[in-house]
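Have a look at the structure below before the remarks.
The values are calculated or read from the model by the stated rules, or taken from the named source; none is laboratory data. In this text the structure is predicted, and so the values were computed from the model without any measurement. Note that each Cβ is placed from the backbone with ideal geometry, even for glycine, and that neighbours are counted across all protein chains shown. Side chains included, ligands, DNA and RNA excluded: accessible areas come from the protein's heavy atoms. Shrake-Rupley method; radii C 1.70, N 1.55, O 1.52, S 1.80 Å.
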Amino acid sequence: MAAHMSRLRGLSRAQRYGIAVCRQYSSGNVYPSVSLSTPLPGIPKPVFASVDGHEKYETKITTLENGLKVASQNKFGQFCTVGILVNSGSRHEAKYPSGIAHFLEKLSFSSTAQFGSKDEILLTLEKHGGICDCQTSRDTTMYAVSAEVKGLDTVVNLLSDAVLQPRLLDEEIEMTRMAVRFELEDLNMRPDPEPLLTEMIHAAAYRGNTVGLPRFCPAENVEKIDRKLLHKYLQSYYCPERMVLAGVGIEHEQLVQCARKYLLNVKPVWGVSTPANVDRSVAQYTGGIVKMVKDMSDVSLGPTPIPELTHIMIGLQSCSFLEDDFIPFAVLNMMMGGGGSFSAGGPGKGMFTRLYLNVLNRHHWMYNATSYHHSYEDSGLLCIHASADPRQVREMVEIITREFIQMTGTAGEMELERAKTQLKSMLMMNLESRPVIFEDVGRQVLATGKRKLPHELCELISNVTASDIKRVTTKMLRSKPAVAALGDLTELPSYEDIQAALSSKDGRLPRIYRLFR
């Protein structure tokens, strides 16, 4: 009788859950195990969110009545990145003391009309799991917040207040002066000289104009910058037609609605904007040399100090990011590659790039050889940074000039394909990150009013040929060189010798004969 009742219980379970979910255990008990591959009976079929291929990648753009552009890219996730990008940076400071953009970066997200202090802003963001940041470059200022999607309304309200209603109190400006002074000291003391060299190469390439103006506030201007001067600058450059509200991870209509609410009819704290005073100068490439003699022997102390090095950066004019030649230049930069002599090798580390194969692998005494490409809306600069012992500076300069000349040779099929594949993989891997997508959307819409999608850029990269590389390199070598030199410069060749080497067929420096060494 008991066995019969057990069989009935077993059947009722099988009828209830299906035969696949009834499992006999060694103890003799039957346990209903729910299968992950069989749908449960009586449960409605789930409806999953789906997007078509076009909608998935499309960047939506709306221009409001006051000229402000709203751009968004939807991306699945609980968090979003939203920010305001302004067409304003150190290149626009020709009529002002240099350093205003640097000051505004440090003053960002301080007290505003609605928020009494920076702490209040951070506490408000904390409720939505948010963080904020501001970065300035030579041509763009970017205020960004990453937070939960549910807090979008609060985030846009906060951004509007931080950008258009900052209080700029005397104590905040004084604190900023201290922060700027500290950063300038740190810039001159840090072991990595790359930020300082980048400043110097821009000053040499665009002497006294646009992107050649200092990005960091010069020490003599720290006391000159006050609230009145900042308001005068903001009045000219922080106007809606020079701004983009960009967002990633949110619905476009929702972002437009918030923009209309908080950015459409808002009067800035500095009064009516005067965009007529905007500096619209086009970058004038001049070429030239900037030298800084500096004792680098005590840059890194300790049991294993970095040896004393001299750093050289040589650059030539490339093109703006709006030109068709921008993509071939990007491929050329990737093909040159390079890095430090202590870089760990491995896939994707660029160990087959020219500056590794031809320079670092052959000349053990060189500590660094790296290619950089800086591009702006009206000009560009492709440069190579190298470092070595001060006694071997002349030889190092000749190696770099020879590499520039060899760029005009026909690129091998394998190295070109490798460079293109590496560039495409770097592009796609970077665009996995939400903040990177945000910056890409904002910068492209700010510069061109539209956005080229990743698959379009990959197609343009794939179409680059060896003849394109040869053509852009030949054009680049017609420009005057820009040279930045830092450290012990006793053995540095003259600017005229470097120019002569870049004009020769083999890139060699003119021979010098010394009676006594």
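Taking the protein heavy atoms of the chain in the context of the full set of protein chains, the accessible area attributed to carbon and sulfur is 55 percent at 1.4 Å. Taking amide H positions as modeled 1.01 Å from N, with prolines and chain starts lacking one, the residues under 5 Å from ILE289 and 5 or more places away or on another chain are VAL483. For the chain, the longest principal axis of the Cα atoms and the long axis of helix 326-336 meet at an angle of about 80 degrees. In straight-distance terms, cross-link reach from LYS95 covers every one of the aspartates and glutamates whose alpha-carbon lies under 14 Å from its own, apart from those fewer than eight places away in the same chain; here that gives ASP279.
In terms of overall dimensions, the stretch 99-176 has a Cα radius of gyration and Dmax of 12.3, 37 angstrom. A convex hull fitted around the alpha carbon atoms of the stretch 438-517 yields 177 Å³ per residue.
So which lysines can LYS69 reach, going by Cα to Cα under 20 Å and dropping same-chain residues fewer than 8 places off? Once the sequence-local lysines are set aside, what remains near LYS69 is LYS60, LYS261, LYS267, LYS450, LYS452. Rg/Rh, computed from the Cα trace of the stretch 48-204 with Rh as the Kirkwood radius, has the value 1.02. Computed over the stretch 135-176, the percent of Cα pairs more than 14 Å apart is 63. Taking a straight line from the alpha carbon of LYS45, these lysines sit under 25 Å away, with near neighbours fewer than eight places off in the same chain left out: LYS56.
Taken over the alpha carbons of the chain as equal point scatterers, the Debye sum produces base-10 log I(q)/I(0) values at 0.06, 0.09, 0.11 Å⁻¹ of -0.39, -0.76, -1.04. Rounded to the nearest Hz, the phi-derived 3J(HN,Hα) couplings of the stretch 111-127 under the Karplus curve 6.51 cos²θ - 1.76 cosθ + 1.60 (θ = phi - 60°) are 4, 10, 4, 9, 10, x, 7, 4, 4, 5, 5, 5, 5, 4, 5, 4, 4, where x marks glycine and proline.
Each principal axis of the Cα cloud of the stretch 359-433 was evaluated for its coordinate range; sorted largest first, these ranges are 44, 30, 25 Å.
Between 0 and 90 degrees, the angle of helix 466-476 with respect to the longest Cα principal axis of the chain falls at about 50 degrees.
The H on the amide N of GLY99, modeled in the peptide plane, is under 5 Å from the matching H of no residue at least 5 residues off or on a different chain. The peptide list 469-477, 446-454, put in order of mean Cβ contacts within 10 Å with the highest first, becomes 469-477, 446-454.
Counting only alpha carbon atoms, the long axis of helix 393-406 and the longest principal axis of the chain meet at about 70°.
Three principal axis extents describe the C-alpha atoms of the stretch 187-275; from largest down they are 47, 35, 24 Å. Mean projected area of the convex hull spanned by the Cα atoms of the stretch 141-216, taken over all viewing directions: 7.8 nm². Rolling a 1.4 Å probe across the protein heavy atoms gives the chain an accessible surface of 51 Å² per residue.
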